[in-house]
Every structure is written in C-alpha cells, then in structure tokens.
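Following: one structure in structure tokens, then a few remarks.
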C-alpha cells in the first residue's frame, strides 16, 4: 500500500495544518456494468471505478492509514497527496469487485459495515425502489479485512441517528462497535453516520462511544481536521472524466456545499430533527 510520506513544510508544532485539504471519497456499490442503471449515483461500474483509480494513481494520490492522518506527531510529517476512500453499508460487491481493484492499484480504504448480520440485504433501501443487494456476512467481513481494508461501523440497523433517543443511540453506536470488535478481535475506531446525518448530540455520542473519528456527508467543517466527528465526504458517482474527478478531488464541490450549509445556518434554516 502507498502509506508513508514526509514533508517538513506541511507540519507546524508536530501536526498537519488545520486547513490542509484531504479528499475523503464516499462510495456505496461497485458493480458489473450490466448492473448499473442511469441516474443512480450510488452504483459505480467496475470499469469506471478502475478508471477512477487510474486517475488517482496517475496524479500521485496515496491512501495512508487514518492513524497517520490523525496522529501526525507520532508518525512524523507527511508528504505526498493523501486520499481517503470509504465505502458505506458493507455490500458483498465491495469484497468481490472493489477490493481486487484497490489492491491492483495499491490503494486501501475503509469499509463501514452494518453489524446486524442477521439481515442479509439493504432493507433500508427497498421502500425507495432501490435494487436489492447482498451484504457481507461475518466471514466475508473478515476476508476483506485480511486484504488490508480497514473495517468501521455503520451502526447496528442503519437508522437515522438524530431521530433516536439516547438508549437507541447507544445500541447503534456502542453496541455495533462491540459486535465488530468481537468479530475482528481488534478495536473498531471509525464510524460513518447512516445517511450521512449527524447533529451535535450524535457526534458527542460517537466520541463517548470510543471512536477516534466519525464520517458524515454534507455536515461538518470544510477541513478534514476541523471536527474529527463530523468529517465531510464527497460522493463519487459513475463518472471518470477528468473534469468531474478534478472537481471532486480539489475540494471545490465540498467547499460549495459547506458554504451553502453555513448560509442556511446564518439565515436560521439549520436542519431540525424530531426525536422519536
């Protein structure tokens, strides 16, 4: 894997500067071309995914361990172009289709899995007429871990966390962590909020549950280091043209979305959640 890198100019007081841009990409499914339907931003074909990885590799991007990004003082200063690749939900095609291509191009990733292994497909999508897709079981999660892929939690049952009461949050955040740690026999340190939805209460619960950081979608500051429990991610869809990928990697799209969220807060249109 492309992991270590060093550059004294990027470090001040033993850590990366707060405004350093680290692209954090979010994927869901990587499927054979025949399974990809137009207009579905959550499914990327294997052909397009490989072209995307080629683009990242050609431009010198690397996927260091998240520990190296979070603890730069211990690991030393970084050089190169860090990139974080994430997959939500733990689909079986992440193991079958995405992992071999990641390995081929020397990239790693974080896969956020649902810890209720009694459920075998994406039940939360079916009311919205999304295609049914298989999820990884326990043995398959361990297999993808053995490929050098980091495993994170995506909750126990893929519920919108800001809508939950405190005891329900504990099940989704803490209990899911315990299940995965027992399976993997190692700490599970990273969390991704289902649907990307988070508020201050949920973020505090994630930190209290023992995670090192947590990933949202369109919530949180622009900088990767601005709030480690509301890390913004950029959704990558089924396109691989240079203009599209450069727009995603440059942080331009994330910046636009961040400015829009700040504007909504200023005018008093912060998202509201009703706790059941």
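The values are calculated or read from the model by the stated rules, or taken from the named source; none is laboratory data. If you're wondering where the values come from, they're calculated on a predicted model, not measured in any experiment. No Cβ is skipped: glycine too gets one built from the backbone with ideal geometry, and neighbour counts run over all protein chains shown.
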Completion exercise
Exactly one of 209, 237, 160 is under 25 Å from residue 30 (Cα atoms) and in contact with a helix residue (DSSP H, G or I) (Cβ under 8 Å, 6 or more places away or on another chain), and that residue is 160
Exercise for the section: Identify all residues within region 106-119 that are surrounded by fewer than 16 Cβ atoms within 10 Å (Cβ to Cβ), more than 20 Å from residue 193 (Cα to Cα) and in contact (Cβ under 8 Å) with a residue 12 or more places away in the chain; write none if there are none. Expected result: 106
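Suppose we filter region 143-155 for residues that are part of a loop (DSSP other than H, G, I, E, B) and either surrounded by fewer than 21 Cβ atoms within 10 Å (Cβ to Cβ) or touching a strand residue (DSSP E or B) at 6+ places or on another chain (Cβ under 7 Å) (or both); how many remain? Full working, then the answer.
Taking region 143-155 as the starting set, the residues that turn out to be part of a loop (DSSP other than H, G, I, E, B) are 147-149, 154-155.
From the residues that got through so far, the ones that are either surrounded by fewer than 21 Cβ atoms within 10 Å (Cβ to Cβ) or touching a strand residue (DSSP E or B) at 6+ places or on another chain (Cβ under 7 Å) (or both) too are 147-149, 154.
Qualifying residue count, region 143-155: 4.
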Exercise for the section: Considering only residues that are under 20 Å from residue 177 (Cβ atoms), within 19 Å of the chain's Cα centre (by Cα) and part of a loop (DSSP other than H, G, I, E, B), look in region 117-142 and name the one that is modelled with the lowest pLDDT. Expected result: 124
Practice task
Answer yes if at least one residue in region 9-20 is part of a strand (DSSP E or B), in contact with a helix residue (DSSP H, G or I) (Cβ under 9 Å, 6 or more places away or on another chain) and at pLDDT below 50, and no otherwise.
Solution key: yes
Practice task
Please specify each residue of region 206-222 satisfying the condition of being surrounded by fewer than 20 Cβ atoms within 10 Å (Cβ to Cβ), more than 11 Å from residue 254 (Cβ to Cβ) and within 14 Å of the chain's Cα centre (by Cα).
Solution key: 212
